[in-house]
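Just below is one structure, and these are the notes that go with it.
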Amino acid sequence: MSSATTSRLVVGDRFRDFAEAVGAETFSGLTRALDAGDLDALQGPVHVVTGQGIGEFEVSYIRDAIVRRGLDDRVALVHGTGTPARRQELHKAREDNVLVAGLTQVETDRVFEAGLRLHDHNELLVDVQDRVHVQGMVAIEAARQMFLAVVEGYFTARWPQQRYYIVLNSMNTTFSNFLFPVGATLRLTVDESDLSEPSRLTLRTTVELVQAGRPAATVTVDAAAFAPGLLEEKELRRAKSAVASAVDTALATA
């Protein structure tokens, strides 16, 4: 940072290559500079905008570091990804892996929006994130989570006494642009739905992942939500068949 800077972007350490390429800060780099007093002579106002990999936990630490150095009258942290979707909506056990935040209904029963939210320790990033852009699997999983969040939050919730099994029939993805670790919007449109039978709901949707006004990916999702009891027998029968086949194959090649 310098006295002439009016805004800067900070991203999680996982996106170090991106930060180096575009002149942004990483979380560790920014907090290290703050704690060392490297920014004490900074003339404000400066807005530090958070990108992907920066959550409330990191925001709190950065704010504390700014206050400790007496820079809070010159440096303002801009952060607003919204509340992460809940565990029961996404079927995810770890908050690190939630990709959807700030889900809202734009048009009744038809259009929904949320922000893309990438934790620095997300399961899709911890193995490898060594490019300036974010890998395509993130877009696919974000679309899947967006679909689940909408279905659980706005459709199956009409029958709160039931817990549905959601079965994906198909997911088709088209990539249009690179996705980068900054703000992006997930926009889901319900193309077709049949809710006439509460024990079996069907939906076909299109999810667009939009960044900087351009679609990065478009995912169509065709799925059904089944009430408990409709799938267990078939699932168990096929599971037993798969076990028998695997054992027979193993014995035949032993």
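The residues of region 170-208 that are acidic (D, E) and modelled with pLDDT under 95 amount to a single one, E197.
Note on region 100-112: residues that are surrounded by fewer than 20 Cβ atoms within 10 Å (Cβ to Cβ) and either within 14 Å of the chain's Cα centre (by Cα) or among the aromatic types (F, W, Y) (or both) total 2.
The set of residues from region 209-229 being under 25 Å from Y165 (Cα atoms) and either of a type in the set (F, W, Y) or free of Cβ contacts under 8 Å to residues at least 60 places away in the same chain (or both) comprises T218, T220, D222, A224, F226, G229. The listed residues are I140, I166, and the only one of them that is modelled with pLDDT under 95, among the β-branched types (V, I, T) and in the same structural domain as V106 (by TED's automatic domain parsing) turns out to be I166.
Only one of these conditions is not met by L116: (1) surrounded by fewer than 19 Cβ atoms within 10 Å (Cβ to Cβ); (2) at pLDDT 95 or above. Which number is it? Checking L116 against (1) surrounded by fewer than 19 Cβ atoms within 10 Å (Cβ to Cβ); (2) at pLDDT 95 or above, the one that fails is (1). Within region 214-233, is there a residue that is more than 18 Å from the chain's Cα centre (by Cα), surrounded by 18 or more Cβ atoms within 10 Å (Cβ to Cβ) and in a helix (DSSP H, G or I)? No - not one qualifying residue is present in region 214-233. With respect to the conditions (1) more than 17 Å from the chain's Cα centre (by Cα); (2) under 13 Å from A149 (Cα atoms); (3) in contact (Cβ under 8 Å) with a residue 60 or more places away in the chain, A85 lacks only one, and its number is (1).
Within region 177-207, being crowded, with 20+ Cβ neighbours inside 10 Å and within 18 Å of the chain's Cα centre (by Cα) holds for L179, F180, P181, V182, A184, L186, L188, T205, V207. Within region 3-18, restricting attention to residues that are touching a residue at least 40 places away in the same chain (Cβ under 8 Å) and more than 30 Å from A142 (Cβ to Cβ), the residue that is surrounded by the most Cβ atoms within 10 Å (Cβ to Cβ) is T5.
To keep it simple, each residue is scored yes or no on (1) at pLDDT 90 or above; (2) farther than 22 Å from Q211 by Cα; (3) crowded, with 17+ Cβ neighbours inside 10 Å.
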site	(1), (2), (3)
E20	yes, no, no
G23	yes, no, no
T31	yes, yes, yes
G44	no, yes, no
G70	yes, yes, no
L77	yes, no, yes
V98	yes, no, yes
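The values are calculated or read from the model by the stated rules, or taken from the named source; none is laboratory data. The structure presented is a predicted model; accordingly, all values stated were derived computationally and were not measured. Neighbour counts are summed over all protein chains in view; Cβ atoms, including those assigned to glycine, are modelled from backbone coordinates with ideal geometry.
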